[in-house]
Amino acid sequence: MKRVSILGSTGSIGVSTLDVIGAHPGEFTVTALAGGRNIARLKRQMERFHPRLVAVIDEAHACELKSLAGATATAILFGAEGYREAAAVEDTDMVVSAMVGAAGLLPTLDAIEAGRDIALANKETLVMAGGIVLDKAVQKGVTVIPVDSEHSAIFQCLQGHHREDLHRIILTASGGPFLHTPAQELAEVTPAQALKHPNWTMGNKITIDSATMMNKGLEVIEASWLFNVPVSKIDVLIHPESIVHSLVEYRDGSVIAQLGVPDMRVPIAYALSYPRRMNRSGAGLDLVNVGRLTFLKPDPVRFPALRLAYEAAETGGTMPAVLNAANEVAVTAFLDGEIGFDEIARLVEKVLSRHRFRVEPRIEEILAADRQAREEAHKESRGIKN
C-alpha cells in the first residue's frame, strides 16, 4: 500500500484526492491531513481515513476539532509547525501538495527535505522558488509529479521521448467565464459571475485566476521549471472545450496531445499511481458527443495578467514571487468587493513596477519579497477602494 499525506485536504484538490483513494481500497493509506478552517469536513475525513495526524490553521480551530472529534488516536496539530509536521510525517511515501497559494511553499520543502515524493498541485511552490525546490528534490532523490491537468498532460506527452527533441510546449486554457464578454463590460463583473467557471469545479482563488488568465500565466512559470524549458518555448492557446489538456510539439513537427474529460481526479490518479494507471469508473471521453475542438489565441487586452506573468518569468529572480503575492491579495480584494475585476491586473502591475528584484535569491529573500509585495498590494487595494 502506498502511504499518502495530503496538504490541503479540505480544498477541491484534496477532496478529489481522497475520492480517488477511497475508490481504490487496499491500494492507499492516509498518514496525515492538513486542512484550513473547514473543521466539519476535516472531521469527516478523519473518521473515514484515520490519519496518524491532522493539522489546522490555528489553535482555536484545533480546539474546535478536538471537541468535535472526541476520543481519537489522531494527533491534532495547528499552525505553520503543524503543517510542516504533516508534510514530513514518518512512514509516508508521497505528499500531495495541494494547499492554496504561497502557504504551500515551506511545507512542500519540508516534505522534500524528509525524502517524500511529491504530487504537486500547488503551482505557487515553483512560481516562487522553482530553482531551490527542484535542486533540493534532486539532492534528496525525490520525484516531483505534477497534478495540474495541464502539467500532467505535458508530463504524459513527454514519456518515452528524448528531451532534446522537444520544440515547444503548448498550454491550453479554457478562457474562463468571460471569454466572449465585451471588454468594456469587465469592470462591472461581480464575484458571483466570476466564480461560475464553464468547465471546472475549483476553489475560489483558482477560479478567479482562471477568469483573469493569471492562472495560466502562473502555469507558464511552473512549466518552465518542471520541464526545464525557457518561457519563450511555452505558448498558450485558449481551448474552450477543456478536452485537450496540453500539447508538446517536437522538432520534426509532430504534436502529441493528452485528451480527457475535465475531471481533476484523472491527473490526481495518475500522479498517485505513476508509472501505472488505475482503473476509473464513470463515463470516459466521448469525442462524438464533444463534436468539435476549437483553439484561439489569448486576447492581450482582455487578459493582461498573462502578459504580466510572461514578463515576470523573463525577469526571473524574486519577480515571480511578487507577481504571485500581489495577485493573491488582489483576488481577495476583488472577492471582498474592494476592487473591480478589471483592477486585479492593474494592481499587480503597479506592485511589480515598484519591486527591486534579486536575481538569485535565497529562500529568505523570496519570503521577504512575498511579504513586501503583500503589504504594497494591500495599500494599493485600500487606495482603490477609497
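The values are calculated or read from the model by the stated rules, or taken from the named source; none is laboratory data. All of these numbers come straight from a predicted model, not from anything done at the bench. No Cβ is skipped: glycine too gets one built from the backbone with ideal geometry, and neighbour counts run over all protein chains shown. Side chains included, ligands, DNA and RNA excluded: accessible areas come from the protein's heavy atoms. Shrake-Rupley method; radii C 1.70, N 1.55, O 1.52, S 1.80 Å.
Quick notes on this one:
- Estimated distance in nm for a label pair at Asp165 and Val301, the labels positioned 7 Å out from Cα along Cα-to-Cβ: 4.2
- Here the extension length gained between Thr181 and Lys196 equals 4.0 nm, from 0.36 nm per residue of separation less the Cα-Cα distance.
- Residue-span extension gain [Ala69 to Arg280] - 0.36 nm each, minus C-alpha spacing: 72.7 nm
- Spin-label zone in the range 105-126 - amide nitrogen under 12 Å from a point set 7 Å from the Cα of Ala80 along the C-beta vector: 105-107
- Taken per residue, the accessible surface of the chain reaches 45 Å², heavy atoms only and a 1.4 Å probe.
- Gaussian network model of the chain, springs between alpha carbon atoms under 10 Å - residue of Asp135, Asp286, Asp299 with greatest fluctuation: Asp286
- Of all DSSP beta bridges confined to the chain, the antiparallel ones make up roughly 30%.
- Selection of trypsin sites (Lys or Arg not before Pro), the range 198-254, meeting DSSP coil and at most 11 other Cβ within 10 Å: Arg251
- Computed log₁₀ I(q)/I(0) - Debye formula, equal Cα scatterers, no solvent, the range 106-157, q 0.21, 0.25, 0.31 Å⁻¹: -0.71, -0.97, -1.27
- Cα gyration tensor of the range 64-191 - equivalent ellipsoid semi-axes, whole Å, descending: 32, 26, 13
- Expressed as a whole percent, the accessible surface of the chain that belongs to carbon and sulfur atoms is 49, based on a 1.4 Å probe.
- Contour excess over end-to-end distance, with Cα ends at Glu188 and Arg356 and 0.36 nm allotted per residue: 57.2 nm
- Here the Karplus curve 6.51 cos²θ - 1.76 cosθ + 1.60, taken at θ = phi - 60°, turns the phi angles of the range 233-242 into couplings of 9, 10, 10, 10, 10, 7, 9, x, 6, 6 Hz, with x standing for Gly and Pro.
- Sparse-neighbour loop sites [trypsin sites (Lys or Arg not before Pro); the range 294-359; at most 14 other C-beta within 10 Å; DSSP]: Arg356
- Under 10 Å, Cβ to Cβ, from Thr212 - net charge with Lys/Arg +1 and Asp/Glu -1: 0
- Over the chain: Kirkwood hydrodynamic radius from C-alpha pairwise inverse distances, Å: 21.3
- Backbone N under 18 Å from the Asp252 label point (7 Å along Cα→Cβ), restricted to the range 129-158: 157-158
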